[in-house]
1. Distance between the C-alpha centers of region 211-262 and region 17-80? Whole Å please.
2. I want to check the label-to-label distance for residue 295 and residue 397. Put each point 7 Å from Cα in the C-beta direction and report it in nm to one decimal.
3. Compare the peptides 101-109, 265-273 by average per-residue count of other Cβ atoms within 10 angstrom and give them in order, highest first.
4. Starting with the highest mean, order 211-218, 521-528, 405-412 by the number of other Cβ atoms within 10 Å, averaged over the residues of each peptide.
5. Run the numbers on the chain and let me know its relative contact order in percent, using alpha-carbon pairs under 8 Å that are six or more apart.
6. Quick one: which of 74-84, 303-313, 330-340, 348-358 comes out on top by average Cβ neighbours within 10 Å, and what's the full order, highest first?
7. Looking at the chain, which Cys residues are left with no other cysteine's beta carbon under 4.7 Å from theirs?
8. Work out the FRET efficiency for residue 406 and residue 489 from their Cβ-Cβ distance, taking R0 = 22 Å, and round it to the nearest 0.05.
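The values are calculated or read from the model by the stated rules, or taken from the named source; none is laboratory data. Predicted model, so just to flag it, every value in this text is computed and none were measured. So basically every Cβ, Gly included, is an ideal-geometry build from the backbone, and we count neighbours across all protein chains shown. Surface accessibility is based on the protein's heavy atoms, side chains included, excluding ligands, DNA and RNA. Shrake-Rupley method; radii C 1.70, N 1.55, O 1.52, S 1.80 Å.
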Amino acid sequence: MKKIFAALFVLGFMSARAGFVNQLVFIGYETTHQVDSILQRQGIPSGVFVPQHDVKLYKVIYNTVDWDSNSTSASGLLCVPVNNKCEVSMLSYQHGTTIKKHDVPSRLQTEWFVGLAAASLGYVTVLPDYLGLGDSPGLHPYQHAHTEATAVIDMIRAAKEVVDTMGAPVNDQLFLFGYSQGGHATMAAHELIQETLDSVMHVTASAPMSGAYDMSGVMGDLMASDSVYPEPYYLPYLIFGYNEVYHLFANDSDVLIHPYDTTLPPLFDGTHDGGAINAAMPNVPKLIMQPTQIDSFVNDSATNYFRVVLSQNNTFNWLPTSPIRMYYCQGDKSVPYQNAMVAYHHFIQNGATNVDTVDVNPTLDHYPCAQFAILAATYWFDSLVYKPLVSGGVTAVNSTSAASPNGTATALPTGGHAPYSFSWSTGDTTESVGNLAAGTYYVTVTDKNLCSYTDSTVISLVSGIQNAVLSNFRIYPNPAKQMVNIMNTDPSDAIKETTVYDMSGRVIKTYAIRQDNNIQLYFDGAADGIYFIRLRSETGKEAISKITILNQQ
């Protein structure tokens, strides 16, 4: 079945238009202050997320395929961080169950603020609405793994088509996470990317949270039990969605008892919420179904068509090669944590070595668990994202000869994403440069993400003789204003020439000295900054000293 899905995906991709973006609609611009206010209104205390970027919001309508590989369209929210100086990581967040057609991220509903927060931290973030929701036509195929995955993947592709033009190009890191149905969608998308697209779209890590990964086992048994269930509308939502995909029954009455066969279908028109549907149902979901259907589901699990299609939508029958952490709360009554346990044990049996589970809080139920799971997943991703490129300094070895300069300088970048490229003020492009005379040298370092910084170092001319000269001079005051005094404490070797350089190594002025012991250098009119003074004595000894000029203060 997995090979069939992969083939359908490839065929659907080939039949779709070459480009994925159908329409891009600017929604708004949120400053870091506004981001913080929005998160506080969502119950996230100030300081939990520290926004670092303003964020631009776009609705993307993009080309994708349905369950039969027919071309269709879907929508989603794109959140772009502003003023990035380099390529950034991409993150896709998959939202939880929603039933109202427009209660989706692209309409700034249902968990859209998760994308806003992630973008403010520096991620280019996408939030697909899924098929049949938002601007996508038809009925949403609820908990259908393959279309969840293709909707996610094609949203990512669409975003990559446009972010370069927005000043926020992405690097090769891709993170996936989602809660509830979004956890199921995250696992499905991770699998499909790895199995069909890994060479062009590799998942760095994924964090499925409180998802129904064991549809045919844990969730199927729960729906067939006599237990009261907090969200009974999940069952008819699943039945109608799967019938759209698999054509399981011809008439609603084949599956649902009266009056539910007539009262429930109109409620799934995209305008009613889960609360309204729950109010029209019994608290035990199976009581809406024909007893023969329940009997077959429980006693003929190997052949029952509902059980068979549910098993096709389990999301753990593969071997992850990228890290996965499944977050959950043991107190969850809507999506029991056993879903994560089943998936974990299957992964381990398949040979996975980088899969883990995290119980965020053993007492929390499904909805209060979400905030803490999302925070935990975000912190984990932050530990894996490429670190900022910063300078570790520039080491310098001074020159020991004026006639044959032999100074060296080496740049020491830290963080970022190797390999690094180097551009020196000498024109060299290597990590280290040599044969340097006394002076100031600059280097610009750029990493694979196009992040860069510029640093500098000073090469001095030193020797045993010169060190003696340096010890016999005093330059004051430092910092200075307009004038610098140079006192020579060794009259037997008079200073005959003084040259002043700016930070770029450009000669500002050369002074011929007529006074042997006390020299005044005038900097009136010079810009504030750091300058270098090079002294030459009658015997050829040299010294270089740094001085700070503060004329404007």
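1. Value for the Cα centre distance between the two parts: 31 Å.
2. Simple spin-label model gives 9.0 nm for this pair.
3. On the way: 101-109: 20.9, 265-273: 14.4.
Most protected by this proxy first, the peptides run 101-109, 265-273.
4. 211-218, 405-412, 521-528
5. Working: 1250 pairs, mean separation 50.6, N = 553.
Once normalised by length, the contact order is 9 percent.
6. Values: 74-84: 25.0, 303-313: 18.1, 330-340: 21.2, 348-358: 13.4.
Per-residue Cβ counts within 10 Å, averaged per peptide and sorted highest first, yield 74-84, 330-340, 303-313, 348-358.
7. Singleton cysteines: 79.
8. On the way: r = 29 Å, r/R0 = 1.33.
So the FRET efficiency works out to roughly 0.15.
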